[in-house]
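Data first, discussion second: the structure below is written as structure tokens.
Read the figures in this text as sums done on the coordinates, not as results from a lab. Here the structure is a predicted model, which means the values were calculated and not measured. All Cβ positions, even for glycine, are placed from backbone atoms using ideal geometry, and neighbour counts span all protein chains on display.
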Amino acid sequence: MTRVTAYAAPSEAAPLEKTTIERRELGPHDVRIDIAFAGICHSDIHTVRGDWGPQSYPLAPGHEIAGTVAEVGSEVTKHAVGDRVGVGCLVNSCGECRNCLRGDEQFCSNGAVFTYGSPDRDGTVTQGGYSEQVVVTESFVVRIPDALPLDAAAPLLCAGITTYSPLRHWNVGPDSRVAVVGLGGLGHMGVQIAHALGAEVTVLSQTLSKKDDGLRLGADNYYATSDRETFRTLRSSFDVILNTVSAPVDLRAYLSLLDVGGSMVCVGAPAEPLPVNVSSLIGGRRSLAGSNIGGIAETQEMLDFCAEHGIAAEIEVIPASQINEAYERVLASDVRYRFVIDGSTFAD
């Protein structure tokens, strides 16, 4: 094992603190990555604070990792020392089940191994990207195109693929009318990607405070959901609603905005269950669905798409010493639109 500096939560009630964690020695198919930047995802906060169930502590979160290859195993063929690479939410899967074989490793029937807080094949618990280095099997390392700055590319490894995957799966294109609920870390990516796919894009946010940003990012329309007139004005207006918020919403109200045959896709995961009135679905042959990141091939496709269309996350780069402050600001919606940790500061 190799010990590296990291920031980890010692318990669900404690702030993250500087510590050391162990990384496995390089295997024949492994890639060692020097982490240049690590994005802060709302999922990191939910996980380390136990909102989604008990965790094994200490736990270093982080699944938006961008950096360069420092070392490769003897049988690695996909990556070389010095390559610009990224790691997202997945670091392993069985590779043999039906889901893995069709490129949906995130739904591995034998249990996907997530980047942190997940039992790995060797029995250890994975530790994430809030650290100096990470060791990952080559099949779960993606190439970051030269057109994407590493700092702005880091959030694409979660926020980018989390919004790209459902938009592609629900066949969003030039004839699509798409609503994005929430203009935060996920939402600001969803707007850019849906716009690049050719859709007519509407942002549905609690207030109009970010309207200028939304229109600049590619939205055609912007409405405040705190105004109940919005739901009357937009009734039956959308083919796809991408719900990016991690808080409870009035599903009945939002489902009424779908046209016949439309789908509302939830990618944000609130801690509380959301009740749904089935008549809201039956009345318009509407669907309520969920989507969870994407497979490795689709993640690479997303990065290439973003590079081609000039899409990247809007970020605020912080030193590692400000992680806990950043968490509080995320919870207060005081970030536009993603915090990214400067990897060079982990050892400071």
Taking amide H atoms as placed 1.01 Å from N in the peptide plane, list the residues 5 or more away in sequence, or in a different chain, whose amide H sits under 5 Å from that of THR20. ALA6
Please compute the modelled spin-label separation between PHE107 and ALA14, points set 7 Å along Cα→Cβ, answer in nm with one decimal. 3.9 nm
Karplus-derived 3J(HN,Hα), 6.51/-1.76/1.60, for each residue of the stretch 101-106, Hz, glycine and proline x: 5, 9, x, 10, 4, 5
Please give me the summed charge of the neighbours of ALA8: other residues whose Cβ is under 9 Å from its Cβ, Lys and Arg +1, Asp and Glu -1. 0
Give me, ordered by chain and number, the residues 5 or more places off VAL125 or on other chains with an amide H under 5 Å from its own placed amide H. ASP120
With the dipole of the chain defined by +1 on each Lys or Arg Cβ and -1 on each Asp or Glu Cβ, the option from CYS89, HIS309, THR162 whose Cα lies farthest towards the positive pole is THR162
DSSP bridge pairs, the chain: antiparallel proportion in percent, nearest 5: 55 percent
About the Cα centre, and with charges only on the beta carbon of Lys, Arg (+1) and Asp, Glu (-1), how big is the dipole of the stretch 160-290? Nearest 20 debye, please. 160 debye
What is the local net charge at GLU75, summed over the other residues whose Cβ is closer than 10 Å to its Cβ (Lys, Arg +1; Asp, Glu -1)? -2
Dipole of the chain, positive direction: furthest Cα of VAL180, VAL142, GLY73, with charges on the beta-carbon: VAL180
Sum up the charges of everything whose Cβ sits under 11 Å from the Cβ of CYS158, counting Lys and Arg as +1 and Asp and Glu as -1, but leave CYS158 out. -1
Which order do TYR223, TYR130 fall in if you start with the one that has the fewest other Cβ atoms within 10 Å? TYR223, TYR130
If one takes the longest principal axis of the Cα atoms in the chain, at what angle in degrees, from 0 to 90 and to the nearest 10, does the Cα axis of helix 187-196 lie? 70 degrees
Below 8 Å, C-alpha to C-alpha, sequence gap of six or more: please give me the relative contact order for the stretch 160-290 in percent. 21 percent
Give the peptides 243-256, 34-47 in descending order of average Cβ contacts within 10 Å, highest first. 34-47, 243-256
